[in-house]
Each structure stands twice: as C-alpha cells, then as structure tokens.
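One structure is given here, and the rest of the page talks about it.
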Amino acid sequence: MDAGEEKRKRSAGRLCCLCKGNKAALKRPKTLEQICKECFYAVFEEEIHTVIVDNNLFKAGERVAIGASGGKDSTVLAYVLSKLNGQYNYGLDLFLLSVDEGITGYRDDSLETVKRNEVQYGLPLKIVSYKELYGWTMDEIVKSIGLKNNCTFCGVFRRQALDRGAALMRADKLVTGHNADDIAETVLLNLLRGDIARLGRCTQITTGEDGPIPRCKPFKYTYEKEIVIYPYDLCIYSPNAYRGFAREFIKDLEKIRPRAILDIIRSGENFRISNSTKMPEQGMCERCGYISSQKWCKACVLLDGLNRGLPKLGIGRARAP
Amino acid sequence: MEPCGTLILLNFNGGLELLCRSTKVHHVDVELKPGADGLIMKDLLCWIRTNLIKERPEMFMKGDSVRPGVLVLVNDCDWELSGNLDTRLEEKDEVVFISTLHGG
C-alpha cells in the first residue's frame, strides 16, 4: 500500500471527535473540530439557541418577521428558528416576510423558494412589493431613469422595505439571516470607508431597539460554510450573483486562519470611538418618520425625484430641499 | 480497448453550474496524466478547468485550487478532511462543488 492510499484509508476512518462513533464529514471552521453529520446538525442548532438565549433576542408572545429572500441564509434561518421555537417553546409568532422589487423575472425563482418554505415550514408568508410601498416598481423606475443609477434606488428602497413591511404586518421584531462572514465583511468595509457610525452599529446583534421595529441577527456567530452545508440534503436555494472584494479577502483570510472571521467581528465589537469625534446624528425623516441622518430619508429623496420627473435628484451629491 | 481514465460524478451548485452550460451534474471520464498512478483532486481541478468550465474560470478557481468560498465535498465529506488538493479519487467517486459567494 503506498503512502497516498494509506492516507485515504486513514482519513476515511477518522471518527467524529464529539460522538466518537460516526465517520467525520466536516471540519468546523470555528473550532477546527472534525465532526459527523449528526453531531453537526446538533451543535449548529444548539449554538444558535445559545446565542438567542444569551442575548435575550426574543420575548415570549412576540410577533417576529423573518426577512426571507429565498437565498440560503434566510431559508436556513426560517427552518432553524421554527424548529427551535417548537423545541424550546420560545412562544414566538413567526412569519416570513419577502420583498418583491417588481423586476420582471428577477424574483421568480426566489419567490418560488419562499412560497415553498411557507408550505414546508408551515409559516405564513407576506410579500410586500415596491409598488405597494412606494407606488413604483423597479421596472417603472428603470423606464423613467434608465439603467445607470437604478441600483441606488433599488438598494435604498430594499433597506427600508423590510422595516415597512414588518410595520405593516404589526411585527414586534425583524430577524435577518446575516451570518458571521457578512458581519466580518461589513466591519471591514466600514473600516475601509471610515464610516465610524456604521462601524459602531454593525456588530450589534440587535439594532433599532429605540425604533418601532428592532432588527436582530441570530446567525451573527454562524459561519457561512456551515449554513451552506446545513441544508445540503434538506432544501434547494436559489443562487444570486456577485459579492465584492472584501468578501473574497475574508475567504482568503479564512483559508489561512479560519478564526479570522470571528476575530474581525471581535475587533469591530471592541472598537471605541474617541469622545472628540463628531458623530452623525440620527434623527427622523420629516416626511415619513423613518430613521434618517438628513432632513429627508434617502428613499423619500429618491421618491420625490421620481414623482417630480427629476429622477437624478438624490443620486450622487444632489441633496434634498 | 483503449485504456480509459477514472469515472467521476461531478455536481456543481450554488451558481457554479452557470459556468458549465447551466448543467449541475456531469458524469466524466478523466484520463490520468502520463506516469501518474492515480487521480488526485489537483489534477481533477485542472481537468475541469480545461474541459468543463465554459466561462469566467476565475469564479471557480484561484491559483491551482478552488476559489476561497467554494466548498468541496468528496463522497459527502468535507475535502479538508481528506487532504484538499491531495485527496485521492477512485472510480465512481462523487465530487460536489458549492459556491458560497452568492446572496443570502
């Protein structure tokens, strides 16, 4: 038997370091433990339960909207939350909340996934559309402004759509599927942009507690690798393209030192801003009451431009009245 | 009969199938390099890049390995447990590639 074959035999026979019974199937990036599928499902769910309990994410009786895009993170979040809710009697009234931007063809697959989740997990589903919230579909916006700045509109509108949809549905809380890789990426981007205010906020597991609908991230410490593997034989998710370079940099770091993702989150958490730094003040939009650091929130500025036939208003440096 | 290579079942997921004619499952016959005594993941990746990937190879590979963020399972097992690029493959093994670099 040559060295290679010997190695294969050894690795095939390596046992799970938790149960010491089954064959190991996965190396956990967080701990470098080699564990079997069964133990993986158990520790994956258990850790999320611990994060929920330790951080007091929910109170019994709360109505909780799960931001559902049809992607892997929110699909796994919906499944795990409804499972834990039953298993540990959180007493939560869970429902799925999706956004339809109104782009022909774009959401067909992901809305199909969300509708499948509604049936599979027995969770009610509400789809809010840009048309319903803002009076415009993205297709109509593109017709009006062309393909150049449409991403600005879509991004600003999407950020608010979940909050507005949750308010519409009288939710007490909104949960999103942001994972540890997402948060590490956001810490890096905020550092690179020098955006101190967002840097301070982005590692908080719950934000907007003073606002109408707090948002929380039960996957804050959950690695993307594990979220991707978790449903591997449970469900199908729809792919979406593109992630920026910070994300790729994070994956490069993870390859060299898997702990890097949690280390970046820890760095973000421990960042202290000196007292002499002037922080942007967070107020309320005078038009719609949504949180805003300006007189009008970005969505209202963009909508104002659209409705007045001046869609370039609010793009780049142009300011609201 | 011609000496044939190693039969491998490939499965591309999470968007990677878009790089190979939108087909997820591929049954392939990988010829061995001259002088090689068996197929390893490193050679399989080379073979895939040359023979299967039709566009944007940088979405799949970086250097001589997969792009960070692409998960690899060999017979339902994380390839980090079997030696990554040095993992030895046998006839009828199943290799799954899942890209994590897409929206959530």
Estimated FRET transfer efficiency (B:N11, A:K148; beta-carbon r; R0 30 Å; 0.05): 0.20
Relative contact order %, the stretch A:41-272, counting alpha carbon pairs below 8 Å whose residues are six or more apart: 23
Length added when fully stretched, A:R170-A:D54, from 0.36 nm per residue minus Cα-Cα: 39.2 nm
Cα-derived Rg to Rh of the stretch A:57-146, Kirkwood definition: 1.07
DSSP bridge orientation in the stretch B:6-99 - percent antiparallel, rounded to nearest 5: 75
Contour minus Cα-Cα distance for A:T31 and A:K131 (0.36 nm per residue): 31.4 nm
Cα-projected label distance for A:E62 with A:R257, points at 7 Å along beta-carbon direction, nm: 3.5
Charge dipole (the stretch B:6-99, unit charges on Cβ, about Cα centre) - positive-most of B:V96, B:L71, B:G15: B:G15
Residue-averaged beta-carbon neighbours from other chains (10 angstrom radius) around B:74-81: 6
Partners for A:K298 among lysines (Cα-Cα distance below 16 Å; same-chain residues under 8 apart left out): A:K312
Cα-centre dipole for chain A with unit charges at Cβ (Lys and Arg positive, Asp and Glu negative), debye to 20: 700
Shielding by other protein chains, A:224-230, mean Cβ within 10 Å: 4
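For A:21-29, what's the mean count of beta carbons from other chains sitting within 10 Å of each residue's beta carbon?
The per-residue average across the peptide is 3.
Return one quarter of the surface area of the convex hull spanned by the alpha-carbon atoms of the protein assembly as shown, equal to its mean projected area, in nm².
Taking a quarter of the hull surface, the average projection is 24.0 nm².
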Between helix B:41-51 and chain B: long-axis angle, C-alpha atoms, 0 to 90°, nearest 10: 80
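To the nearest 20 debye, what is the magnitude of the charge dipole of chain B about its Cα centre, counting +1 on the Cβ of each Lys and Arg and -1 on the Cβ of each Asp and Glu?
For this selection, approximately 500 debye.
Distance cut-off 24 Å, Cα to Cα: go down the list A:K217/A:K278; A:K72/A:K148; A:K27/A:K220; A:K30/A:K72; A:K126/A:K295; A:K83/B:K24 and report the pairs above it.
In this structure, A:K217/A:K278; A:K72/A:K148; A:K126/A:K295; A:K83/B:K24 lie more than 24 Å apart at Cα.
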Ranked by how many other beta carbons lie within 10 Å on average, peptides B:54-67, A:211-224, A:61-74, A:116-129 from highest: A:61-74, A:211-224, A:116-129, B:54-67
DSSP-defined beta bridges in chain A - what % are antiparallel, rounded to 5: 30
Chain lengthening between A:Y88 and A:E47 when straightened (0.36 nm per residue, less Cα-Cα): 13.4 nm
Positive-pole candidate from A:F249, A:M284, A:G268, dipole of the stretch A:244-286, charges at beta carbon: A:F249
Mean Cβ neighbour count within 10 Å, used as a protection proxy, ranking A:268-276, A:144-152, A:170-178, A:102-110 highest first: A:170-178, A:102-110, A:144-152, A:268-276
Partner aspartates and glutamates for B:K33 [C-alpha distance under 17 Å; skip if fewer than 8 residues away on the same chain]: B:E2, B:D43, B:D64, B:D86, B:E90, B:E91
In nm, spacing of pseudo-spin labels at A:R116 and B:E91 (7 Å Cα→C-beta vector): 3.5
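Where a number appears in this text, it was derived from the coordinates with a stated rule and is not lab data. Being a predicted model, the structure only gives us computed values, none of them experimental. Positions of Cβ are backbone-derived with ideal geometry, glycine not excepted, and every protein chain shown enters the neighbour counts.
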